[in-house]
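First up is the structure itself, then whatever we jot down about it.
Throughout, read-outs are computed from the coordinates displayed, never taken from laboratory work. All values derive from a computational prediction rather than experimental measurement. No Cβ is skipped: glycine too gets one built from the backbone with ideal geometry, and neighbour counts run over all protein chains shown.
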Amino acid sequence: MTTEARPQATERTISVVVNGERRSATVLDRKTLADFLREDLELTGTHVGCEHGVCGACTLLLNGRAVRSCLLLAVQADGQEIQTIEGLAKGDELHSIQQAFWEEHGLQCGYCTGGIIMSTLAMLEDNPHPSDEEIYEVLGGHLCRCTGYEDIFKSVKRAIELRGQGR
Amino acid sequence: MTAPASQIGLVGQSVKRVEDPILLTGRAKHIDDLHFPDMLHTAILRSPYPHATIVSIDASAALALPGVVAVLTGEELVNHAGPSRDYGAEWYALAVGKVRYVGEPVVAVAATSRYVAEDALDLIDVEYDPLPAVANARQAIEADAPRLYPTLDTNIVYKKTFSYGDPGRALEGADLVVTGKFRIPRLSANPMETAGVISQFDPATGGATSWSNVQAPAVALGTLVATLGIPMDRARAMVQPHGGSFGSKIALGKFIVITTVLSKLCGGRPVKYIEDRIEHLMASGSHAWEREYDVGFGFDRAGHCLGWRMVVLSDVGATGGPTQTLKALTCLVGPYRVRDVEYDITTAVSNKGGDGPYRGYGPPTHFLVIERMMDKAAAALGLDPAEIRRRNFIQPEQFPYMQPNGVEYDSGNYPEVLRVALERAGYEELRKEQERLRSEGRLAGIGVAFGVEPGGFRGQTGPYREWPAGGSLAPEAATIHLQENGDLVVDVYFAMEGQGHFTFATQVVAAYFGVPMERVRVVSAEPRLTTPSTGPMGSRQSVTLTFALRGACDLLREKLLALGAHMLDLPAEDLGIRDGRVVPASAEGKSLSLGDLAAVMHGKPADMPVGLDLDPSVTCSWTAPPPEDREGSPYLTYANGCHVVLLEVDRETGQVAILKYVIADDCGTRLNPRVVEGITQGGLAQGIGFALLEEYVYSEDGQPLSVSFMDYLLPTIYEVPLAEKAAVVTPSPATPYGQKGAGEGAIHVTPAAVFCAVNDALAPLGVELTQAPASPRRIWEAIQASPSSG
Ligand code: FES
Ligand code: FES
């Protein structure tokens, strides 16, 4: 855990529910939500690719909505509910979206994958039967440098199928 | 060389990747996920000038900031580290005396958090005296251009003409000579994860360890030893999984140097540095391929290419050499039977970010030029673009094919790959569709492009002898441990990176011993100087790692058979390994499981046979034999591919819409077809970025203008076509399964295919695009310049 040595920096105590667990911490006002999760809560599955809101690697769910955690401050999440990629699998059992990405080779280096899975989850919670255009709209907000998107698209289609089978 | 049928099993099957569960659940530990006790964080103050003398640096206020532990300048750094050298140029990890590009590291701060370290940067006062800057290679080569390096009396770091046959006579005797000038922008890999390093100096021993996402661990070890003077036996370089690299993380030298020296200044505390995206875009040191081409190609009336001359001027920014331009020598004639060829290279330094490897390592621009010239000749001769290529192909029976410069292609069937691509694309229908669109006044274009892919990089042989370190080979190592329970643990000496290496390694080893994949676990082990190994680069691992793995399997097999012979009381020659058991060749009688043998090797029971080598671990560091003649190929295999694309250019906006994209390629046997397809699609995406979007733009006075993802555009799912893919399989004679390197194939051809198609679309307007990327603005300007758009 990083120690903040700057005396004049203002900080406050926040409390969030992360993956179903209540966590409280004292954070610098200026600390991003991504850094807070990664450094203070040691949840390093949320990746940072650009820190300026373009790549989508840092996507997580805040009260069920997909947001970019590099563009939010930790203090903005105070009192709210956060879901990160670490919260999806139950032990060794993958979530159906993760399973779909595995089956359809939806990842190569896997760096962008957590963010894409979280966006997919938000979409499917909202709309279990998205059209191809709607899938494109969601994936269009993510950069992946490895896959050329084809297998990501197929993975999302597969995830829809698995979900339809109640998985 | 060829693997026996009994060892093929899972090899060639699209099994799910073993890498995925840890990645999918967010549990993989990338470099920035590591937190060590007492760790410090680095921020780097970078040059705002393209070229300036450093007059003074005052960092006292920064050092006084609570939380700041050390401040490092170039002047101090030289007391701990040597310079990097390339083709006569010499520089340090932090600027010494002057800066040579915007973004060059000048001062590094170590503090208790990155936030504090960045605060400290604001408190550092650097006084610069700006110098006239060299904006590009054209300026750089002028006689009175400002010089970048005192160690060089010119900005030209490399100049050489490679001439084979008689290109002059070939062009003079040609019925048709087509000429062209092309400009290729600088672009780069931009993996989604930037570079990162943690280093720790050990004051007690003088040793140092770096953890990083370096692609080639041997290079990191080399930096510790050669640049930092760490004794060989105390230099350690650990590797973490990567969020992609594509060449950009091959060498992280300057960051390893900066963090190690900072750690030394901080009494041995671990020091982390994570490059941010803006730093990466501005000054990663991995910008690539900024070139100008001036070429002439000669043809006879039937469309046979008789020879060509290519003059290339490349701009490698402040640090870099000609190596990515030299690679074209390894695939000089592309897929064509051309014997009289000249390749003239000039490489100059300028005041822009440094040059570094990007997937493909140069040839993508070479093929863009060759393929466009083929189209120009076809148009002049009234031939179909597919037909002119067919007429010039190296024929299947000519393999192994010796190029005019002595670099050999192992295998291929280019006419078949073209045929399959055209068939899949429905080429005739596609041409009709184009006619139909054109008749509606729409700008539709078709591109048919071909390229070859050097793979299975074996070292700096052949044309790479021109490198300063030329002449060395590139070994690859693997270790297999037989666990006490009979399962196998395989150590490889590089990081998990995305290409599915761990998966095919599992397939190869499991198949060799006939055990299920679950009984084999591949891990990334600590790379060691005493276990020579190189890591992924040059589309090599499907070839070189496979050789290392099979070498280790052979060693283990030998031990198992010797021990089995002893235990079964049979001659070792009469034994074999099948389904995870040592069995008599007759398949009758007693057999032993790997677990039975493992138990003995691990010391149980007590009556171990005396005199046998029972070490349950074996290592093979495999090195490809050097090519027989001095020129020979640095690559063991040559894959190839043909892309066919139909696209439409919007007359009003200059925007390109891809309507159909087909890839046929031949990378021999595919160890895991699904993985190969994914990599092909990924290379296609990067090729689309090259052809349509990506460009590092600099202002006239050398300021980088593409320093965010809002300015440097990576392709999204909207720009990348989901391509139809077909496989042609011509097994390589050089490898155990007939496989060929496949990691770079698509990016070799996509830029050419799209560029040819855009020009085909513009052809009715009588205009030509000669600069990549084919951005809307460039296309729109070309359309405006058309005589018919008046
Ligand atoms: S890291 Fe947040 S969008 Fe890129
Ligand atoms: S899988 Fe590597 S960035 Fe998407």
Problem set entry | Given A:LYS154/B:LYS249; B:LYS327/B:LYS740; A:LYS90/A:LYS157; B:LYS181/B:LYS249; B:LYS159/B:LYS740; B:LYS98/B:LYS272, the pairs whose alpha carbons are separated by over 24 Å | A:LYS154/B:LYS249; B:LYS181/B:LYS249; B:LYS159/B:LYS740; B:LYS98/B:LYS272
Exercise. Calculated FRET efficiency, B:SER786 and A:LYS157, Cβ-Cβ r, R0 41 Å, to nearest 0.05?
Worked result: 0.45
For this session: Extending each Cα 7 Å along its Cβ direction at A:GLU134 and B:GLU652, get the distance between those two points in nm, one decimal.
Result: 3.0
Problem set entry | Separation in nanometres of the label points that stand 7 Å from Cα toward Cβ, at B:GLU90 and B:PHE36 | 3.1
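In peptide B:713-723, what is the residue-averaged number of other protein chain Cβ atoms found within 10 Å of each Cβ? Provide the component values of the computation, followed by the final result.
Values: counts 2, 6, 5, 10, 16, 5, 2, 6, 3, 6, 2.
What the average comes to for B:713-723 is 6.
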For this session: Compute the label zone of B:ASP166 within the stretch B:325-345: residues whose backbone N is under 16 Å from the point 7 Å along Cα-to-Cβ.
Result: B:339-342
Problem set entry | Cα-projected label distance for B:GLU387 with B:LEU722, points at 7 Å along beta-carbon direction, nm | 3.6
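Which order do the peptides B:14-24, B:553-563 come out in when sorted by mean C-beta neighbours inside 10 angstrom, highest first?
Working: B:14-24: 20.9, B:553-563: 19.4.
In decreasing order of mean packing, B:14-24, B:553-563 become B:14-24, B:553-563.
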Problem set entry | Residues of type aspartates and glutamates that B:LYS725 reaches as a straight line, Cα spacing below 12 Å, ignoring anything fewer than 8 places off in the same chain | A:GLU150, B:GLU423, B:ASP665, B:ASP666, B:GLU677
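Provide the FRET efficiency to the nearest 0.05 for the B:ASP569-B:GLU526 pair, computing r from the beta carbons and using R0 = 45 Å. Before the final figure, lay out each step's value.
Working: r = 40 Å, r/R0 = 0.90.
It comes out at approximately 0.65.
Using just the helices of chain B, give the 222 nm mean residue ellipticity in deg cm²/dmol: DSSP H runs with n ≥ 4 each add -39,500 (n - 2.57), and the total is spread over all residues, rounded to 500.
Values: 20 runs with 207 residues, N = 790.
Only helices count here, giving -8000 deg cm²/dmol.
Run the dipole for the stretch B:563-706 about the Cα centre, Lys and Arg Cβ at +1, Asp and Glu Cβ at -1, nothing else charged, and hand back the magnitude in debye, nearest 20. Display every interim value, and only then the final one.
Values: 9 positive and 22 negative charges, 113 e Å.
Computed charge dipole of the stretch B:563-706: roughly 540 debye.
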Exercise. Other chains near A:112-119: what is the mean number of their Cβ atoms within 10 Å of each residue's Cβ?
Worked result: 3
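Restricting to Cα atoms and excluding each atom paired with itself, what does the Kirkwood estimate give for chain A in Å? Mind showing how you got there, number by number?
On the way: mean 1/r = 0.0609 Å⁻¹.
After inverting the pairwise mean of 1/r, the radius is 16.4 Å.
Hey, with R₀ at 25 Å, roughly what FRET efficiency would B:ASP294 and B:ARG777 work out to, going by the Cβ-Cβ distance, to 0.05?
Details: r = 24 Å, r/R0 = 0.96.
Plugging the Cβ-Cβ distance into 1/(1 + (r/R0)^6) gives 0.55.
Full-extension gain between B:GLU429 and B:LEU63, please, as 0.36 nm times their residue separation minus the C-alpha to C-alpha distance.
Details: separation 366, 0.36 × 366 = 131.76 nm, distance 7.04 nm.
Taking 0.36 nm per residue and subtracting the Cα distance, the gain is 124.7 nm.
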For this session: Show which aspartates and glutamates lie in cross-link reach of B:LYS559 when reach means a straight Cα distance below 16 angstrom and same-chain residues fewer than eight apart are skipped.
Result: B:GLU484, B:ASP487, B:ASP569, B:GLU573, B:ASP574, B:ASP596, B:ASP613, B:ASP615
For this session: Multiply the residue separation of B:ALA763 and B:ALA587 by 0.36 nm, subtract the distance between their alpha-carbon atoms, and state the gained length in nm to one decimal.
Result: 56.4 nm
